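The values are calculated or read from the model by the stated rules, or taken from the named source; none is laboratory data. Bear in mind the structure is a predicted one, so any value in this text is a computation, not a measurement. For neighbour counting, all protein chains shown are included, and Cβ atoms are generated from backbone atoms with ideal geometry for every residue, glycine included. Accessible surface areas use protein heavy atoms only, side chains included; no ligands, DNA or RNA. Shrake-Rupley method; radii C 1.70, N 1.55, O 1.52, S 1.80 Å.
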Amino acid sequence: MPARANTSARRGRASGDPATRTSNRKLAVRGRNAATAVEPPDEGPETLLRREICKIFSDSAKSIATHRKLGVHLRKIQEMCCWEQQNPKREYINFMEFTADEFEREVGRCIKRVLPVKKGEAAVDRIIRFLGEFLQRANAEDTDITKLQIEEDDEEQAAEKPTYNLTNYLLEELIPLASTKEKTVRYRTTQVISEIVVRIRYINAGMEEDLRPRVRHTLGKRIRDKEAIVRVQAVRGFARIADDVDIGEKGDLYVLADIMAHDPSADVRREILLNMPFDPSTLKEMLERARDTDAVIRRDLYTKVLPLLGDFRHMTLTQREKLVRWGLRDREKPIQDAASKMFRERWIENCAGVQDTVESEPKAKQGFAPPSMDALLELLERIDVTTTGLEGSPRGIAHEAMKEFWDGRPDYREFVTFDQKFWEDLTPEAAFVLRSFNDYCLEPSDGKDKQAVDAALRRQRLLDDKMPDMTTLAMIITNYLNKLLDVCRQLAERPVSPGEDEEDPLGEHYVDIEFVVSQLLHVAQTLDYSTDEVGRQQIYNLMRDALAKPELPADCTQLAVGVLRAACGPGKHGLREFVDVVKEAIDIVRDSMHEADDDTVRGASDGEEESFHSAQSDVSGQSDVGEPKKKKARREEEEDSEALQARQAAEISILAKCLDITEYLLQNVDSEQECRSTLRNILDNYVTPACHSKVTMIRVAGVKCLGLMAILDKVRFSNSNLHVFLHCSRNGAFDLKIAAINTIADIFRAHPDLLSPNPDADASTTDITTFEESATIFKTITKALLQNLSDESTDDKYKLLPIAACKAACAFLTFNILPPPYSSDLLKAFIIAYFDPEESIIPAIRQPLTYTIPVFCHSRHANALLLAEICAKIVHDLFIKREQLQDLDEDAARDMVSWSVVAAHLAEWTDARRVYRSSASKSASGGALDGQPPPTTEEEEEARAREAAVRPSLDPHILLAITLLEKTLSHGVTAPEKKALLSLLVKLYVDPVRTEADQSDEDQDVLRTLMALAREAVESRLGTDVGTRNAIAKLAASVEKRVGDLEEEEEEEGEAETTVVERRGASRETEMEDAESVLQGDEEDTMMADVQAEGTRMPLMEDDEDEDETIRDRRESTVVTESDIVDSLLESEIE
């Protein structure tokens, strides 16, 4: 392109004109904010090569469809410039006069022209893509030509690599531009370099020795660039040119892994994930992206990265379990689908590929290998089903995985069979296949979709065809239950347990057989016992006998109680029978303790007899070896103490077993009326002594059972034993505190009105709760929760106590159980803990707080008002907390969120627009909801009554603004704290439009108070910056407008009332006059006409004449004309 003409001399000559001087001054002022104009360098005359290359790059910016054609054209030009052609085409002959250096300069000139273009211009992206495609294709052709020339022994021509030289030239030109201050140039330069690095495969080995480190160093600096768009392009190229150094040695892979874990930009993390080389040292960091905050990154991991990793068995057990758990429990549906597809398609195919050795078997219709039971069992073994298949475990992901597996693999549903061979030797994996298939087939449908109902019926028929009858299943359970009991006895009789590092085959066998029995009992819980009486009776007898075995594990005992409850049947009779049978089993277990004591006493008596005979023999002199009396007495004492300890340990285990069965019994009882006497017997014989035991384990179990009884019977147990739970929660041991706190929360969840005073109750009863007693108990509960919530123990085990207290307090707040004074204390502690970096770092505490605080504040208007009242105190406490952290550790203070974040949260939680309103209140206030009939008059009245009872009219932000202004206008507030309070004030919203809530005198007084405080704040120039003062002025203007509207409305109402009074007075006078006229007319009608003589007529006085004229005038004024009638009709139509 020709250079522009130099016009600086002409501008200098014209600078003397006044208009020109004015224009120059304007340009000078404008030039302070604009970039200095730079004249482009002289690039020489325009040539054919420049025109053609510019045209090629210009056409490549239009569409990617012509890139291949344009690349071939550019390659022909390159060949003409770099090599001597024997038979060139006519259209390319003219390019032979140009050299390779000129070709490189023209290509570099075109690339430099696109560097200042900002991101988002698609034409530039197409040009850079075209350059990469051209270099890739040209490099491949150069390689083929080089091989051909080497075969022809033309070493001179083989040494020439024009594309290699072009690449080096472009990189040499672009590397200095990658560190410029202009972010757009840095972005485009890094993009071009990364495109070259990605496209050219030989760059790692064939690049010049000094150029490759420079490229790597340049991209390494750009991955730390402050602009995210630059970092994205830098990591794209840096991942391809990184050194293959182990991540533990802090090489390039370590740098990439660190950026992928900590970069704030999701695009940067995603680009590293997709481009990082697969290496055993980087696998862990790549799999951690399954917990990334960006959903796109999580989805790409399951859909793009994991399929490229190949066989899943090279991952560790923990990694496999985490991938399945994180994917299936993700909040995004596409990620859940990707994880389930990974499990049921790719992972099962990896296992089936090894198991399937017959090549002649055809593939399934979906492209999968034929179903294989061995492959399914191996898949479950690879995820450790004995751990992931446990019920209620946070890691128990195997149930969800197998549900998705059965749902997505109908071929395996039809293939799996439970024949005689399957039942002979059940493994944990096979037992879990049985249990998961049973649960999937019994999953009910929603009943709304006919297809879903039909699918549920088909699953039920499929289960009936594959499962054995109830009698056979009872025999199978008996077989494996006996095996479990035998293993338990062997473990109990084993003298020495192996160490942690030693192998324990018996312990592993115990874990496996216990898991098998638990899965069989889970299946037994879902059976329909109304269809087979013989099978029901067998399972009934089996569970009754199993409960009486003290060595039965706790998990199997709980499942056995559940199976027994299902076998007893529903109804009152079934419940009574169930409670009696379990009570009998508890008594049998307790009697086994006494039998053990009798055996111990019997063994001790035999020992005494033996020692007596030996003593006689010693005295008679028949013993050759004598033993000193002191040593013998000491040995006997040691033996007695060991026997006593063993007996006490056995007693404790038996009592714990009895209490466990009692707890499982109470969990399966929904009413205590039918079995009150039996439960009372259990309470007196087992629960009450356990609560007074000195053994912590027994006492904890007793407290749990007592809590379950309190839930069943509020009147008889809850009120009378509540003080026991409170005492344990404050003064008990660690485990006892947790049990007591959980018990208190469960009781109040079941009976929220437990402490509601009953004024009609008899004062002599023990279950009466007065107002004073309720306040005392609420105060004690609040203190206990706050005390345990602020537990500062550093041991991870003791972190369970504040977690339990946090969950219990969340329940109290969510269900609005505590009165406002005590709820405010808990809410204040919650918010401080929410912003405290030391406590919020615990996920088990942060998650309940994140949910509970907004739910509590937005569930009721009164709750939002409650928070608005204590916001100033919360800010003050947080300010003190920040100062304390700064004194102790500045890093910890920096971890605390800024005041703007705190203010945003508090303003959001107290916003009245966020408060939930029930459907009835919405309908009462504004018509019917969508798809629902309009409410009746009674429903509207009830809704309004409830709304008036629970929803005060005062706006929380108005109350909060008053509190903050009073606080900031006082003299005892420091400047930093005042700044924190004002940061909250500027985020409040006060509606300038009058609302229905402004009708009451109390609300009007509050608005006037706020207006006075806002005016005072504006006059005193409260605020450290212009933004704060403007926000306060805006607040004052909104309140003044709202108050002004109220005053205008009051004046209009007053004028309207005055008009109404005047109209009423005028109408009353008119009625009186009409009545007088009627009376006078009646008098005239009753007098005889023309009979009054001259002497009989009374003379009129002057007052009478005036009164008569007034009456005549009034009569004339009350005459109604036709025009008056028309006017009245028009007025009625308008109304």
Inspect the range 674-686 for any residue being closer than 20 Å to Phe578 by Cα and among the aromatic types (Phe, Trp, Tyr) and give the result as yes or no.
-> yes
Is it the case that some residue within the range 783-803 is open to solvent by 70 Å² or more (accessible area, probe 1.4 Å) and at pLDDT 90 or above?
-> yes
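A quick yes/no check of all residues on (1) buried (at least 18 other Cβ atoms within 10 Å of the Cβ); (2) under 35 Å from the mean Cα position of the chain (by Cα); (3) over 25 Å from Ile586 (Cα atoms):
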position: Lys450; (1), (2), (3): no, yes, yes
position: Asp469; (1), (2), (3): no, no, yes
position: Thr472; (1), (2), (3): no, no, yes
position: Leu506; (1), (2), (3): no, no, yes
position: Val523; (1), (2), (3): yes, yes, no
position: Arg536; (1), (2), (3): yes, no, no
position: Asp555; (1), (2), (3): no, yes, no
position: Ala560; (1), (2), (3): yes, no, no
Val255 vs (1) modelled with pLDDT under 90; (2) farther than 18 Å from Arg236 by Cβ: all pass except (2)
Given (1) closer than 16 Å to Ile196 by Cβ; (2) open to solvent by less than 30 Å² (accessible area, probe 1.4 Å), where does Asp125 come up short, assuming only one miss?
-> (2)
In this structure, does Leu148 turn out to be of a type outside the set (D, E, K, R) and farther than 30 Å from Glu227 by Cβ?
-> yes
Mind counting the residues in the range 640-687 that are assigned to a helix (DSSP H, G or I), open to solvent by 40 Å² or more (accessible area, probe 1.4 Å) and under 30 Å from His573 (Cα atoms)?
-> 9
Scan (1) at pLDDT 85 or above; (2) open to solvent by less than 80 Å² (accessible area, probe 1.4 Å); (3) not polar (S, T, N, Q) for the single condition His727 breaks and write down its number.
-> (2)
Inspect all residues belonging to the range 484-499 and state whether any of them is modelled with pLDDT of 90 or more, out of contact with any His (no Cβ under 7 Å at 6 or more places or on another chain), open to solvent by less than 70 Å² (accessible area, probe 1.4 Å) and over 23 Å from Thr386 (Cα atoms).
-> no
Just to be sure, is Ile513 open to solvent by less than 20 Å² (accessible area, probe 1.4 Å) and more than 42 Å from the chain's Cα centre (by Cα)?
-> no
Every residue from the range 380-398 that is among the aliphatic types (A, V, I, L, M), surrounded by 19 or more Cβ atoms within 10 Å (Cβ to Cβ) and outside any helix (DSSP H, G or I) | Ile383, Ile397
Can you name every residue in the range 389-438 that is among the basic types (Lys, Arg) and under 19 Å from Gly327 (Cβ atoms)?
-> Arg395, Lys403, Arg409
What pairs come up if the first residue lies in the range 730-747 and is in contact (Cβ under 8 Å) with a residue 24 or more places away in the chain, the second is outside any helix (DSSP H, G or I), and their beta carbons are under 7 Å apart, counting only those six or more places apart or on different chains?
-> Ala740/Gly732; Ile747/Leu754
Looking at (1) at pLDDT below 90; (2) within 23 Å of the chain's Cα centre (by Cα); (3) among the hydroxyl-bearing types (Ser, Thr, Tyr), which is the only condition Thr282 fails?
-> (2)
Quick one: which helices (runs of 4 or more DSSP H) lie wholly within the range 399-467 and hold at least 3 residues that are farther than 21 Å from Pro371 by Cα and either among the hydrophobic types (A, V, I, L, M, F, W, C) or in contact (Cβ under 8 Å) with a residue 60 or more places away in the chain (or both)?
-> 450-466
Does Arg289 qualify as being open to solvent by 10 Å² or more (accessible area, probe 1.4 Å), assigned to a helix (DSSP H, G or I) and touching a residue at least 60 places away in the same chain (Cβ under 8 Å)?
-> no
The range 851-869, residues that are more than 10 Å from Val915 (Cβ to Cβ), of a type outside the set (A, V, I, L, M) and either under 25 Å from the mean Cα position of the chain (by Cα) or at pLDDT below 90 (or both) | Tyr851, Thr852, Pro854, Phe856
Ile111 at pLDDT below 90 and of a type in the set (A, V, I, L, M) = no
Do any helices (runs of 4 or more DSSP H) lying entirely in the range 293-355 carry at least 1 residues that are farther than 20 Å from Leu379 by Cβ, and which ones are they?
-> 295-300, 306-309, 333-341
Filtered residues of the range 288-312 (kept if at pLDDT 90 or above and charged (D, E, K, R)) | Glu288, Arg289, Arg291, Asp292, Asp294, Arg298, Arg299, Asp300, Lys304
Please state which one of Gly251, Gly310 is at positive phi and either among the small types (Gly, Ala, Ser) or open to solvent by 70 Å² or more (accessible area, probe 1.4 Å) (or both).
-> Gly310
Only one of (1) open to solvent by 20 Å² or more (accessible area, probe 1.4 Å); (2) touching a Lys or Arg at 6+ places or on another chain (Cβ under 6 Å); (3) over 21 Å from Ala690 (Cβ atoms) is not met by Ala567, so which one is it?
-> (1)
